[in-house]
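Below is one structure; the comments refer to it alone.
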Amino acid sequence: MKSMKILHLFLLLLSVFLVFVSCKKKVVEEEKEITLVMAEVNPAETIAGQMDQAFKQKVEELSGGKMKIDLHCSGILGDVDSVMELMLKPNSTIHIHRMSAVNMAIFGCKKSSLLSVPFTFSSKEHFWKFANSESGKKILDEPLENGLGLKGLFFGEEGFRHFFSTKKIEKVEDFEGLKVRGTNDAAMQGMLRGLKADSVAVNYADLYLALQTGRISVAEQPIANYLANHFNEVAPYMILDGHTLGVMETIITAECWDSLTEKQRNILIEAGKYASEFCRNLSQTEEDKVKAQLLKEGATITEVTDHAPWQEACSEVIKNGASVDEALYNEILSYAN
């Protein structure tokens, strides 16, 4: 009888020990140091690059250094196409990448294309209300749900894109017959048709010379790029029409996401929220600084107070773009209120 009690006590102690070892092993696994490689095609000093650095710092802070983000800017790991090609394969050596919504659409994320429909966002506040909503989550979750092997983590933005010109433009009617350089995507080309402008293909590297020689008289860029590339020297007029917003999506491979613990996933999500807010504040601050600098250098900036004529002129391309998912597009528009 006594031996049976000793045996029961031994078995009880053994089971407690095994549970302790199991729990300790789990904690060790959860706290194991990991390094995630992140690619960025833009330089570190850009809005995108600074947002990435904010994300990196917050991940490492929240994890106590157990999670590290190995960030590579300026396209060191390749251009968008080569990075995405690698991330879509098993065992990718790149885990996280900051993408534009336009490029996400090119790689099969149809809902992301809604974010590039002309005159969708009436203000940055409108965009950020959407980005922090359930509607925004639908777009971030799309690549995982459609089997692309990627998951959206958080949004960012690089500011609105505006037209600039060699002669002053004040209204929609002023575009008729003008030679305009725009991106070669359906949304932009459709918008130029709606404005009755003539689309002219010009490589970005040749844009300054094309404006200087009169090959074109109008182009479009975010305001920070307009100043950084000195386009104001040859095209000193900018109209703040804000036809599209430079929306960014930071993504992670599904394979990497699935390998993380719940604690690690939550750290990435929290760091993403922090990086988004950092980007929101930085984007507005940078735009205000650039406007002041442009005015100082003699540029003429025209505000657009009524977007209705612009939306009417581009109604066909807006309708076609929204048809990808009309219900979701209407949700996006609703956050303007």
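Structure summary
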{"quantity": "Dipole-positive endmost among 41, 65, 192 within the chain (Cβ charges, Cα centre)", "calculated": "65"}
{"quantity": "Label assignment, P(r) over Cα pairs in 20 Å bins from 0, in percent derived from the structure, set (i) 32, 60, 9; (ii) 28, 50, 15, 5, 2, 0; (iii) 27, 42, 21, 7, 3, 0", "calculated": "(ii)"}
{"quantity": "Accessible area of the range 68-206 belonging to carbon and sulfur atoms, whole % at 1.4 Å probe", "calculated": "50"}
{"quantity": "Set of lysines with alpha-carbon distance to residue 296 below 27 Å, sequence-local pairs under 8 removed", "calculated": "124, 167, 168, 171"}
{"quantity": "Tensor-based shape of the range 140-221 (alpha-carbon gyration tensor, a/c under 1.5 rounded, otherwise prolate or oblate)", "calculated": "prolate"}
{"quantity": "Net charge of Cβ neighbours under 15 Å - reference residue 215; Lys, Arg +1; Asp, Glu -1", "calculated": "+1"}
{"quantity": "Separation between Cα centres of the range 248-307 and the range 144-214, rounded to whole Å", "calculated": "20"}
{"quantity": "Probe 1.4 Å, accessible area per residue of the range 237-337, Å²", "calculated": "50"}
{"quantity": "The chain - mean residue ellipticity at 222 nm from DSSP helices (-39,500 (n - 2.57) per run, n ≥ 4, rounded to 500)", "calculated": "-15000 deg cm²/dmol"}
{"quantity": "DSSP-loop GluC sites (Glu not before Pro) across the range 161-207, with at most 16 other Cβ within 10 angstrom", "calculated": "170, 176"}
{"quantity": "Sites residue 336 and residue 189 - FRET efficiency at Förster radius 30 Å, r taken between beta-carbons, to 0.05", "calculated": "0.70"}
{"quantity": "Links that overshoot a 20 Å alpha carbon limit, given the list 89/273; 137/319; 56/263; 111/263", "calculated": "89/273; 137/319; 111/263"}
{"quantity": "Counted charge near residue 206, where neighbours are those whose Cβ lies closer than 11 Å (Asp, Glu -1; Lys, Arg +1)", "calculated": "+2"}
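The values are calculated or read from the model by the stated rules, or taken from the named source; none is laboratory data. These numbers were taken from a predicted model, which means no experiment stands behind them. For neighbour counting, all protein chains shown are included, and Cβ atoms are generated from backbone atoms with ideal geometry for every residue, glycine included. Accessible surface is based on the protein model in full, side chains and every heavy atom, while ligands, DNA and RNA are left aside. Shrake-Rupley method; radii C 1.70, N 1.55, O 1.52, S 1.80 Å.
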